[in-house]
Each structure stands twice: as C-alpha cells, then as structure tokens.
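Everything on this sheet refers to the single structure shown next.
The values are calculated or read from the model by the stated rules, or taken from the named source; none is laboratory data. Predicted model, so just to flag it, every value in this text is computed and none were measured. Cβ atoms come from the backbone with ideal geometry, glycine included; neighbour counts cover every protein chain shown. Just the protein is used for accessible areas: all its heavy atoms, side chains included, with ligands, DNA and RNA removed. Shrake-Rupley method; radii C 1.70, N 1.55, O 1.52, S 1.80 Å.
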Amino acid sequence: MNDNHAAIQVGVIGCGDIAEQRHIPTIHAFSGVDLVALCDSDIDRAERLAKAYQVPHVLSDYKQMLQRTELDAIVVATPPWHTPYIAMDCLRAGKHVLCEKPMAMDVATAMQVKETELETGYRVQVGFTYRHGLLLETLRSWIREGRLGSPLVYRLGIFDEVWDPAGNPEHYERIYRTMQRGSPSIHDGAHVADFLSFLSESPVQRVESFGLKTRHEFPSSNYDTSIIEFENGDMAKVEIGWFLPKFPKGEFEVIGPKGIAIFDRFEQYVQLRTDAITETVTLEEDWAMSCFREQFNKFIASIRLGQPFVPGSDEGISSLRLTKVIETSIHLNIHKGKE
Ligand SMILES: NC(=O)c1ccc[n+]([C@@H]2O[C@H](COP(=O)([O-])OP(=O)(O)OC[C@H]3O[C@@H](n4cnc5c(N)ncnc54)[C@H](O)[C@@H]3O)[C@@H](O)[C@H]2O)c1
C-alpha cells in the first residue's frame, strides 16, 4: 500500500465457521478495505464464500495466495495448531496479520512469531475480540477509577459449544478435534486470560485448576475451574464448560469492597452497583458483531497510522502463559486425585 488513502487489500486464510460468521461479513461491510482473496485447504468452502461476497481470487494453497503482491493484510482464521506457522509465512511475505486466538499451542512457538515480527517489521494483532468495544472498556474504566475499591474478585463463567452430536455432527467433530489438542481452558480460556489481564492489569501469582470429563469418551476435560491469584491481591474464579446439553448462563462479575460490577453478555449491558448509585451502560447493537467490527477497525487504523497492534503478540504470549499453567495444574490435580 503506497498511499494512505488507497483501499487496504485484505485476504482471509481459513474460511471455516468463525470466518464465515464474523470475519468475512465484517471485512465485506468495512469501507476503505477490499476483500480480494479467500483461501481454504477445503476449496469448496472458499469458493462458496467468494461467490456470496464477490471475492475475485480463491485459492486452496495459502503460500500461493501470499505471492499476490497487492495484498497488504491477512486475517488468519485457522485452527491454532496451524495459525502460528501461517502467520509467520504471512509476515515473511510482507503482510500484516490479524490472527485468531490462541496464537499458538505453546509459548515457544508464539515467541517465534514475535521474533518473526521483529525480523520482518510486519506485525500481528491477536483476535482477543471481546476486549474491544464499549462494554469491556466501561468496566475497565470503573475499575481504574477505583469505583469498586481494591482488592477485586472476578467471577467468570463461560459455557459454550452445546453437546448435540446427532443434531450437528460437523460441530461435534470440530469441537472434538479441538479438544484432542487441549481442554476448553486452552481455547475459550485464551479469551478469559485476556479479559483478566485487560481488567486486572496485574501479573498472575498463583493458579490452582481442576478439570472434569462429563463423558469418559471425551479427549480432554470439558469442564475446567480455576482459582487465580494476582500480584496486586485480586483473585479470579473461572469456570469454562463445553459439550454440555444445557448451559447455566455463566456470570461475569467483579466484586470489590465498595460494590459490584456486572457484565451481562446476553442482555448486553454493564452495571455498577454501590451503596450510593446504580449506573448502567447498554449496547444497542449486537455485542459480538460490534466487537468484531471494532477489532478490525483497530487493525486497519494501526496499519494506516503505523501504530502498534494491540492486542499484539505480547498479549497473545501472556494469555498463552496463563492457559498453559492452567493446563499443567489440571493435569497435576488429575494425577493427585488418583494417588
Ligand atoms: N474470536 C472468536 O470469538 C472466535 C470464535 C470462534 C473460533 N475462534 C478461533 O478461530 C479459529 C478457527 O475456528 P473455527 O471454529 O472457524 O474452525 P473451523 O475448523 O471451522 O475453520 C478453520 C478453517 O481453516 C481451514 N484450514 C486449516 N488449515 C489450513 C491451511 N493450512 N490453509 C488453509 N486453510 C486451512 C480449514 O479447512 C477450516 O475451513 C480457532 O483458533 C478458534 O479458536 C475465535
């Protein structure tokens, strides 16, 4: 991209569920950006979406796609055991990257991505989508202003991926494959670790985690719970559950000596309650879609202005460090339970 006003040319690698539901509609609706190439190793997926969104170039080999010199930036929405290697090839080909979370399956590989950024001068933004936008930013401003006091207790429950193998076999197989590479704490836990780092802004001091399989045939625990202590004295209680037929709502609350803040993702509001006041901020548009739009907006603005990508590889590595500690703690506690 030579001129600051020219449209930024974007390609997508990995045209699966999240690309179809969120990334491609977001890019398509964004002004000042052209979606010019789609790639998926399953070419039928890429072709179907290219037709729906009038994207001119469709490929099954991402290395061929990276030879297209007009491409400025790539959204990488592949499973995390492919993502870091594709991201590094994108950087070496001179493209900026917005990659899905987690940015890798281990910290050493994530560090290689960061080194490749430093070598090439091209950069990575990590898809911690839900830290963006009005609701999380309002919650953080209440915490930063000391409206809840200190120390704080974070209570987070994330329940996702309904267990319905007969009704939705594609989903069952995709999530089963994902659990073969780690429990929900590695996958949805990436977002949770980022929420906690975004809100508490303190290093983690201690972690104790437990995991449970509600069906013995699952390849990993499908219900994980963790207690996390932070250096600043904050504490978090986290539950992440997948593959259950019915879900509890899953809370997102921050409790302090002066009051409580509630983030209701379903009713799309944050609320601060103290003895003196109740303050509510409500989002009128769809929360998830607005987060994807804001995430992409920041990615494009950082490219145009040459500014750091946030959340970038440092945030990606920090999230991965916490989820790997959780994974280790789960394994240790499983073995302790068997002694
Ligand atoms: N930010 C969010 O809110 C959010 C939500 C859901 C999933 N995700 C993340 O997005 C990623 C993808 O998840 P998904 O549910 O869309 O998975 P998916 O399996 O539906 O899609 C992945 C796609 O990548 C393609 N692919 C794999 N290797 C490839 C390669 N080498 N070259 C080209 N294409 C390749 C697959 O064929 C598939 O179509 C995961 O890391 C997941 O954690 C993020």
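Remark: the range 21-128 carries 43 Å² of accessible area per residue (probe radius 1.4 Å; ligands, DNA and RNA excluded).
Annotation: aspartates and glutamates with alpha-carbon distance below 17 angstrom to Lys246 (same-chain offsets under eight excluded): Asp160, Glu161, Asp164, Asp224. Accessible surface of Arg92, taken over heavy atoms with a 1.4 Å probe and every protein chain present, rounds to 140 Å². Mean projected area of the Cα convex hull of the range 199-310, taken over all directions, amounts to 10.8 nm². Computed from the Cα positions only, the extents of the range 281-339 along the three principal axes stand at 56, 32, 17 Å, in decreasing order.
The distance from the alpha carbon centre of the range 20-35 to that of the range 244-292 is 28 Å, rounded to a whole number.
Dipole size of the chain about its Cα centre, with +1 on Lys/Arg Cβ and -1 on Asp/Glu Cβ: approximately 340 debye, rounded to the nearest 20.
Shown for the range 245-301: the carbon plus sulfur share of the solvent-accessible area, taken with all protein chains present and a 1.4 angstrom probe, equals 52%. For Thr280, the accessible area of its heavy atoms, probed at 1.4 Å with every protein chain present, is near 70 square angstrom.
Averaged per residue, the range 191-339 has 49 square angstrom of accessible surface, using a 1.4 angstrom probe with ligands and nucleic acids left out.
Largest to smallest in accessible area, the residues Asp17, Asp89 fall in the order Asp17, Asp89 (1.4 Å probe, all protein chains included). Note on the range 192-236: Cα convex hull, mean projected area over all directions, 3.4 nm².
Just to verify a number: FRET efficiency for His171 and Arg92, C-beta to C-beta distance, R0 = 41 Å, to 0.05? Don't skip to the end; give the middle numbers.
Details: r = 34 Å, r/R0 = 0.83.
The pair His171/Arg92 has a calculated efficiency of 0.75.
With all pairs of different C-alpha atoms in the average, the Kirkwood value for the hydrodynamic radius of the chain is 21.0 Å.
Note on the range 253-339: dipole from Cβ charges, positive end direction compared against Cys291, Thr280, Pro308; the farthest Cα belongs to Pro308.
Taking 23 Å as the cut-off for C-alpha to C-alpha distance, list the pairs among Lys237/Lys324; Lys63/Lys101; Lys95/Lys298; Lys63/Lys298; Lys63/Lys114; Lys114/Lys298 that go past it. Write down the numbers at each step before the final one.
Working: Lys237/Lys324 17 Å; Lys63/Lys101 21 Å; Lys95/Lys298 16 Å; Lys63/Lys298 26 Å; Lys63/Lys114 20 Å; Lys114/Lys298 19 Å.
In this structure, Lys63/Lys298 lie more than 23 Å apart at Cα.
If Lys and Arg each add +1 and Asp and Glu each add -1, what is the summed charge of the other residues whose beta carbon sits under 14 Å from the beta carbon of Trp287? Counting the neighbours of Trp287, the net charge comes to -3. Net charge of the neighbourhood of Arg273, taken over other residues with C-beta under 13 Å away and scored Lys/Arg +1, Asp/Glu -1, is -2.
Dipole magnitude for the range 264-335: computed about the Cα centre from +1 point charges on Lys and Arg Cβ and -1 point charges on Asp and Glu Cβ, it is near 420 debye. Taking a straight Cα-Cα cut-off under 16 Å and skipping sequence neighbours fewer than 8 places away in the same chain, the aspartates and glutamates within cross-link reach of Lys258 are Glu145, Asp234, Asp275, Glu279. Taking a Cβ cut-off of under 11 Å around Gln112, the surrounding Lys, Arg, Asp and Glu residues balance to a net charge of -3, with basic ones at +1 and acidic ones at -1.
Ala288 to Arg304: extension gain in nm, 0.36 nm per residue of separation minus the Cα-Cα distance? Don't jump to the answer; show the numbers that get you there.
Numbers: separation 16, 0.36 × 16 = 5.76 nm, distance 2.45 nm.
My answer for the length gained is 3.3 nm.
When the Gaussian network model of the chain links Cα atoms closer than 10 Å, the mean-square fluctuations of Ala166, Ala190, Ala87 top out at Ala166. In this structure, Ala29 and His82 have a Cβ-Cβ separation that, at R0 = 22 Å, corresponds to a calculated FRET efficiency of about 0.25.
Quote to one decimal, in nm, the extra length available between Glu251 and Thr274 on full extension: 0.36 nm per residue of separation minus the C-alpha distance between them. Write down the numbers at each step before the final one.
Values: separation 23, 0.36 × 23 = 8.28 nm, distance 1.85 nm.
Between Glu251 and Thr274, full extension yields an extra 6.4 nm.
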